């Protein structure tokens, strides 16, 4: 079953034709996690905001060149639908690295009004403070979600290929373990919509970093081959089709997260521009979706 589900009855093929209700954000939720009390987690789409082309309409990021007031209005619409205060919106200034910031009550709202106030040089966020909404931004990169139901801690990570091979998933697990006493076997993880293997062609300069994560001896050659097949396949002219979602799943398991505690979407952002912004599909000029996760206040 696809774990990321739209909150309205909209099909992949006809989303743009059937969903035209502006200023009512069309959101995806992590369905298996909706049974966790006080937890909210999911991903925005491109629909239901106030932005104009080429950012129409639910762009949630300042850095793409969209009107700042439109971005703030979109963030207000999203938080309102999630029953969080606008001031709960907290985010980092992403640099495709692996730094993880620990968010306390004092950092709540960082990055809400402008880029300068965001957590600088930060691609991962963790918190155990109710009423804080962690957010990050995407237009093909991979959103990673983390939740410890025992210690009541949550986290988000932005993983492009650089963050993936830098091991940001490992950094997230290590930070939750250090800061909150999380046990790796308790942590739940989810991998959200991103560009898929079907659309993501890379060269050997990228693959040499990916293979570092695959070359660790497992004592099982067939296991290694099966892992490799799920993560990449050869393409023409020495290029490779890379599955960043499966690569992150593999790294999560290496970090100690149990395989059956990892949810992984099949949504490809490049295949479905009627629902998602896609940097590659739209030649770099487009908006950004937001991932979110937070613990509701009692």
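The values are calculated or read from the model by the stated rules, or taken from the named source; none is laboratory data. Owing to the predicted nature of the structure, the values given are computational and were not obtained by experimental measurement. Cβ sites come from the backbone with ideal geometry, for glycine too, and all protein chains shown count toward neighbours.
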For this session: Give the residue, chosen from 233, 266, that is part of a strand (DSSP E or B) and either in contact with a helix residue (DSSP H, G or I) (Cβ under 8 Å, 6 or more places away or on another chain) or within 24 Å of residue 211 (Cα to Cα) (or both).
Result: 233
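Condition check ((1) in a loop (DSSP other than H, G, I, E, B); (2) modelled with pLDDT of 95 or more; (3) crowded, with 16+ Cβ neighbours inside 10 Å; (4) over 17 Å from the mean Cα position of the chain (by Cα)) across all residues:
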| site | (1), (2), (3), (4) |
| --- | --- |
| 211 | no, no, no, yes |
| 219 | yes, no, no, yes |
| 227 | no, no, yes, yes |
| 245 | no, yes, yes, no |
| 253 | no, yes, yes, yes |
| 272 | yes, no, yes, no |
| 277 | yes, yes, yes, no |
| 292 | no, yes, yes, no |
For this session: Look through the range 107-125, keep the residues that are touching a helix residue (DSSP H, G or I) at 6+ places or on another chain (Cβ under 6 Å) and in a loop (DSSP other than H, G, I, E, B), and return whichever of them is surrounded by the fewest Cβ atoms within 10 Å (Cβ to Cβ).
Result: 109
Seminar exercise, completed: Of those in the range 242-261 that are touching a residue at least 60 places away in the same chain (Cβ under 8 Å) and in contact with a strand residue (DSSP E or B) (Cβ under 7 Å, 6 or more places away or on another chain), the residue farthest from residue 175 (Cα to Cα) is 242
Problem set entry | Set 160, 196, 181: member being over 21 Å from residue 267 (Cα atoms) and modelled with pLDDT of 95 or more | 181
For this session: Would you mention how many residues in the range 65-106 are farther than 17 Å from residue 50 by Cβ and either free of Cβ contacts under 8 Å to residues at least 24 places away in the same chain or not in a helix (DSSP H, G or I) (or both)?
Result: 20
Seminar exercise, completed: Scanning the range 262-274 for residues that are more than 11 Å from residue 4 (Cβ to Cβ) and in contact with a strand residue (DSSP E or B) (Cβ under 8 Å, 6 or more places away or on another chain) gives 262, 268, 269
Seminar exercise, completed: Listed by first then second residue, the pairs whose first member lies in the range 191-216 and is at negative phi, whose partner is modelled with pLDDT under 95, with beta carbons under 6 Å and at least 6 positions apart or on separate chains, are 201/235; 214/228
Exercise. How about the range 87-101: which of its residues are over 22 Å from residue 162 (Cβ atoms) and crowded, with 17+ Cβ neighbours inside 10 Å?
Worked result: 88, 89, 90
